[in-house]
Amino acid sequence: MSLPSSASLFLFGPRGTGKSTWIGSALPAALRIDLLKESTFVELAGHSDRLEALADAAKAKIIVVDEVQKLPSLLDEVHRLIENRRFRFILTGSSARKLKRSGGNLLAGRARTLTMHPFTASELGPKFNLLHIPANVISRIGPS
């Protein structure tokens with residue numbers, strides 16, 4: 001999968017599929033905002049406009065926001081920065097449903113939506129090992 005060259009985008013997919021790792025290798029110079037980091041979450045939860053100051057301080061034109069579904073209100077600020085400052089955003093998360101349920105701003109055509117799926121056993125080939133599948137995944141599959 002290649003990264004679109006200039007568009008902002010949502011990248012959704014289950015936890016552990018490598019979204020953050022892939023984005024980090026594809027855009028190593030981008031400003032990365034990790035909403036799993038408590039201090040970052042708390043700072044932006046009360047003051048979404050701090051996102052602009054963080055981008056300016058880093059002299060970033062590309063901003064990656066990991067786990068964006070944790071803070072749907074941040075998307076209004078993302079919208080503003082795309083429109084007024086022409087920043088490019090890569091917004092990752094495991095749950096598009098949570099954003100939709102919360103009434104989060106899905107950026108109305110300003111961002112593409114991509115989905116990263118986990119590898120299948122056939123894609124992994126000899127690297128596939130059933131013993132490395134988490135127990136909660138096996139329980140969803142059910143007994144054979």
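How much length, in nm to one decimal, is gained on full extension between N84 and L130, taken as 0.36 nm per residue of separation minus their Cα-Cα distance? Spell out each step's value before the answer.
On the way: separation 46, 0.36 × 46 = 16.56 nm, distance 4.91 nm.
This chain segment gains 11.7 nm when fully extended.
Report the gain in length on full extension from S20 to S6: 0.36 nm times residue separation, minus Cα-Cα distance, nm rounded to one decimal. Don't skip to the end; give the middle numbers.
Values: separation 14, 0.36 × 14 = 5.04 nm, distance 1.85 nm.
Here the segment from S20 to S6 would lengthen by 3.2 nm.
I need the calculated FRET efficiency for the pair A121 and D49, taking r as the beta carbon distance and R₀ as 41 Å, to the nearest 0.05. Don't skip to the answer; put the middle values down first.
Numbers: r = 46 Å, r/R0 = 1.13.
Given R0 = 41 Å and the Cβ-Cβ separation, E is 0.35.
With the Cα gyration tensor of the range 8-118 giving a ≥ b ≥ c as the square roots of its eigenvalues, does the rule (a/c under 1.5 for rounded; else a/b larger than b/c for prolate; else oblate) give rounded, prolate or oblate?
Values: a/c = 1.32, a/b = 1.17, b/c = 1.13.
Cα axes put the range 8-118 in the rounded bin.
Bear in mind that the values in this text are calculations on the coordinates, not laboratory data. Note that the coordinates shown come from a computational prediction; the quantities given were computed from them, not determined experimentally. Virtual Cβ from ideal backbone geometry, glycine too; neighbours counted across all protein chains shown.
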